[in-house]
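See structure below.
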Amino acid sequence: MIDHNNETRVVTEFPHKVREIEHVWVPMSDGTRLSARIWMPEDAEDRPVPAILEYIPYRKRDGTRAWDDPRHRYWAGHGYACIRLDIRGTGESEGLITGEYVLQEQDDAVDAIAWFAEQPWCDGNVGMTGISWGGFNSLQVAARRPPALKAIITHCSTDDRYTDDIHIMGAVPLVENFFWGSAFFHIMARPGDPEIQGEGWRKQWMERLENQEPVVATEWLQHTRRDDYWKLGSVNENYDDITCAVYAVGGWNDGYSNAVPRMLANLNCPKKGLVGPWGHKYPQDAIPGPSIGFLQHALRWWDHWLKRAETGIMDEPQYRVWVDEPQTPSSVLPMSKGRWIAEPSWPSPNIETRQMFLNSDGLADKRRHSTKIEHCSPLTVGSGAGVWCPYGLGGTSPDLPIDQREDDGKSLSFDSAPLDERLEILGAPVVTLRIAVDQPQGMVAVRLCDVAPDGESNRVTYGLLNLSFRNSLDKPRSMKSGAEVEIRVQLNDCAHAFPAGHRIRVAVSTSYFPVAWTPPEPVTMTLVTGRSSLDLPVRVPRDEDARLADFGPPEMAAMPEMDEIMPGEGSRHVERDLASGEQIVRIVEDGGAFHIKDLNLDCADGVTAEFRIMEGDPTSACGVWRWSSRRTRGDWDVAVTSQMAVTLSQDGFHIATDLEAFEGEQRVFSRRWNHDVPRDHI
């Protein structure tokens, strides 16, 4: 295994000398100009090369510089023109951004790809890549089929914006919708750099601030059904729209683990898939490790599809994944235990379903006599869940699930006997429950855990389901009190090895805060044992697993020169008032402060979050996110602060959002937005 902190190879000598262009205006068909940063071989205008585009809103100049330089300079040194393009209305790009994955964004990408393909330094072949937003729009733009686009690498993204994005899971609204919504709101309110935008920077900044309506997190919450809003940008609406080659990459500890196997199963273009143990990070600099030599691996992909070189990458197994081994759970996990395996294709004939039944005395291969068990979970179930999407900021952010024993004890749990032999699974476990509830609206959270002989409980995977959406994601029907129904909860895809002597546990709860928002009333569930089951996707180990080629150690180009002014920090504290029954979760993700030497720019960013809930009152659930950013260079001193606060009632959600902007000590903008969103079967 490679410790990415100690053994990353920083490459400074490349086959091609690299020319870096800090800023280029890219014209759109409507006259708007987008700002690009480009790395290319010095002789590219004499010997044109393929282009690789990354197209995101996170500010190439002062936001993603530390991520961009090591990747794009590396590929440029191997014969590519690499482009980091700011989306319209972000960073230094002109115009206004009006939402997430809007049609205008796709139109601009099509314009940009055509423009890049026509430049004297480009040979007419273009690839596209990115993580998260950049992974999403790589898929979306591929579905538009711009002629020059030949291949993409999409990291930590999804083909279905409704079922597998940060907003909703199993038709249950996610708390993290507002983490991301408040972040989006805050980042888009920041100004461009006067060194690029010139004297008009302040005017463009004021236009951004004045046009922050609607607050995007509120807009997302207004669409709790799978409607046309989510279908735009969901490439699973028609997989055949994509004809270029797709390499889908993800991590089991990321929020987007399901998309890679689903795309392999449904895309009809050339395709490959890779899933490691990672969170929301690139494989060459990943948390949890091991990191891998992904940049050189990706070069083989680009060389094959953009240069028509014989690299052998398409002769290798289609789907390569990391199988986790249980280890002591920790919210911060630098390194994962496990091994790499591969399947020639996906779905694989090497997967067999093993069915186990939730009986009154535990989990077993045979169904036993049916009984009925009533259960109403404490509202504090979920305090050990970590976050929906672990970002692993700097390797210190405590994002991962901890020992599940406390949450298991507050849930309806079913344990198997100790396993006689090792059991490996690969795919999406499915739990079928026969239940009744006493309220029209409710949810279930189902967790699959690996329980060690000493009782330590590792969460392997989990799933949520809004009971009103049990039969349809676009036509909800409330539950009838006391009426038994059969529901199917598909858990997130995973790859895990249960050792001999360990137990398999299924834990079912009626709440999961602060991962998911709570229903309007406490829900008592009646579960019918013997009529409920677990389907495990069991994989038999293959001899070929031991002969897989090694990815090699991670390599990258040098990071930009930055000086630390103040270190960052990450913390997550859970507090309980034993008198009142209130639980408070406090989170700090402070990026610290640093100086970018190339730009002579000081940067500081941070966020804090707080979640509260009172035992017995689901409408007491609330959350607040507070963001701050500051940029200084000489006498240029700008700052943005924002806050988003969410409170619940039986009828709906109230969202109060505040935004302030400063030049030096002078406040130049201040506004509050108040929005009420009624519950729609949630």
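Using +1 at the C-beta of Lys and Arg and -1 at the C-beta of Asp and Glu, which of 41, 512, 662 has the Cα lying farthest in the positive direction of the dipole of the chain?
Of the listed residues, the answer is 512.
Hey, what angle do you get for helix 201-210 against the long axis of the chain, alpha-carbon based, 0 to 90 degrees rounded to 10?
30
I'd like the Karplus ³J(HN,Hα) series for the range 275-291: coefficients 6.51, -1.76, 1.60, θ = phi - 60°, whole numbers in Hz, and an x wherever there's a Gly or Pro.
In residue order, the calculated couplings are 10, x, x, 6, x, 7, 9, 6, x, 7, 8, 9, 10, x, x, x, 6 Hz.
What's the Kirkwood radius of the range 615-682 in Å, using all Cα pairs?
After inverting the pairwise mean of 1/r, the radius is 14.1 Å.
Setting aside same-chain residues fewer than 8 positions from residue 17, which aspartates and glutamates have a Cα under 14 Å from its Cα?
42, 43, 45, 46
I'd like to know which of 338, 349, 423 lies farthest towards the positive end of the charge dipole of the range 301-435, counting +1 on Cβ of Lys and Arg and -1 on Cβ of Asp and Glu.
Value: 349.
Please label the shape of the range 560-678 as rounded, prolate or oblate, based on the square roots a ≥ b ≥ c of the eigenvalues of the alpha-carbon gyration tensor (a/c under 1.5 means rounded; beyond that, a/b larger than b/c means prolate, else oblate).
Note, shape of the range 560-678 comes out oblate.
Extent of the range 351-541 along each principal axis, from alpha carbon coordinates, in Å, largest to smallest?
Result, largest extent first: 46, 44, 31 Å.
Given Cα pairs under 8 Å that are at least 6 residues apart, what percent is the relative contact order of the chain?
Relative CO of the chain lands at 13 percent.
Give the relative contact order (percent, whole number) for the range 560-678; include only Cα pairs under 8 Å separated by 6+ residues.
16
List, in order, the whole-Hz ³J(HN,Hα) value for each residue of the range 590-600 obtained from phi through the Karplus relation with A = 6.51, B = -1.76, C = 1.60 and θ = phi - 60°; use x for Gly and Pro.
Karplus-based 3J(HN,Hα) across the range 590-600 equals 9, x, x, 9, 8, 10, 8, 5, 4, 9, 6 Hz.
Can you count the Lys pairs in the range 351-541 whose Cα atoms are under 26 Å apart, with each pair 8 or more apart or on different chains?
4
On C-alpha positions alone, give me the angle between the axis of helix 294-306 and the longest principal axis of the chain, in degrees, nearest 10.
Roughly 70 degrees between the two axes.
What value, in deg cm²/dmol to 500, does the helix sum -39500 (n - 2.57) over DSSP H runs of n ≥ 4 give at 222 nm once divided by the residues of the chain?
Estimated from H runs of four or more residues: -4500 deg cm²/dmol.
Tell me which lysines have Cα within less than 24 Å of residue 271's Cα, excluding those fewer than 8 residues away on the same chain?
Filter leaves 150, 231, 281, 307.
Could you tell me what percent of the DSSP beta bridges with both partners in the chain are antiparallel, to the nearest 5?
Looking only at bridges with both residues in the chain, the antiparallel portion is about 80 percent.
Please list, in chain and number order, the residues 5+ apart from residue 443 or on another chain whose amide H is under 5 Å from its amide H, with Hs placed from the backbone.
467
Charges at C-beta only: +1 for Lys and Arg, -1 for Asp and Glu. How large is the resulting dipole of the range 394-451 about its Cα centre, in Debye rounded to 20?
My answer is approximately 240 debye.
By counting other Cβ atoms within 10 Å of each Cβ, how are 294, 136 ranked from fewest to most?
Listed from fewest to most nearby Cβ atoms, that is 294, 136.
Compute the separation of the alpha-carbon centres of the range 293-335 and the range 383-450 and state it in Å as a whole number.
Value for the Cα centre distance between the two parts: 27 Å.
So what is the relative contact order of the range 146-269, in percent, for Cα pairs below 8 Å that sit 6 or more residues apart?
Rounded, it is 41 percent for the range 146-269.
For residue 123, list long-range residues whose amide hydrogen, built 1.01 Å from N in the peptide plane, is under 5 Å from its own amide hydrogen.
Residues meeting the amide H criterion: 49, 51.
Positive end of the charge dipole of the range 589-681 (Lys, Arg +1 and Asp, Glu -1 on Cβ, about the Cα centre): tell me which of 594, 618, 644 has its Cα farthest that way.
About the Cα centre, the residue reaching furthest to the positive side is 594.
Once amide H atoms are placed 1.01 Å from N in the peptide plane, what residues at a sequence separation of 5 or more from residue 668, or on another chain, have their amide H within under 5 Å of its amide H?
661, 662, 663
Would you mind ranking 574, 141 so that the residue whose beta carbon has the fewest other beta carbons within 10 Å leads the list?
574, 141
Can you put 377, 571 in order, fewest other beta carbons within 10 Å first? Each step should come with its number before you reach the end.
Numbers: 377 24, 571 14.
With the sparsest Cβ surroundings first, the list reads 571, 377.
If packing is taken as the mean number of other Cβ atoms within 10 Å per residue, what is the order of 34-40, 547-553, 581-587, highest first? All intermediate terms of the calculation are to be shown ahead of the outcome.
On the way: 34-40: 25.1, 547-553: 13.4, 581-587: 17.6.
Ranking, from highest mean packing down: 34-40, 581-587, 547-553.
I need the phi-derived Karplus couplings for the range 256-264: 6.51 cos²θ - 1.76 cosθ + 1.60, θ = phi - 60°, integer Hz, Gly and Pro marked x.
Values, residue by residue: 10, 6, 7, 5, 4, x, 5, 5, 4 Hz.
Which of the peptides 8-19, 647-658, 331-342 is most tightly packed, and how do the rest follow, going by the mean number of other Cβ atoms within 10 Å of each residue?
So the peptides 8-19, 647-658, 331-342, ranked by packing, come out 331-342, 647-658, 8-19.
Between the range 1-63 and the range 136-214, what is the C-alpha centre distance in whole Å?
The two parts, judged by their Cα centres, are 20 Å apart.
Any idea what angle helix 65-77 forms with the longest principal axis of the chain, computed on alpha-carbon atoms, 0 to 90 degrees, nearest 10?
For helix 65-77, the angle is close to 60 degrees.
Rule-based calculations on the coordinates, nothing more; no lab input. On a predicted model such as this, the values are computed, not experimentally measured, just so you know. For neighbour counting, all protein chains shown are included, and Cβ atoms are generated from backbone atoms with ideal geometry for every residue, glycine included.
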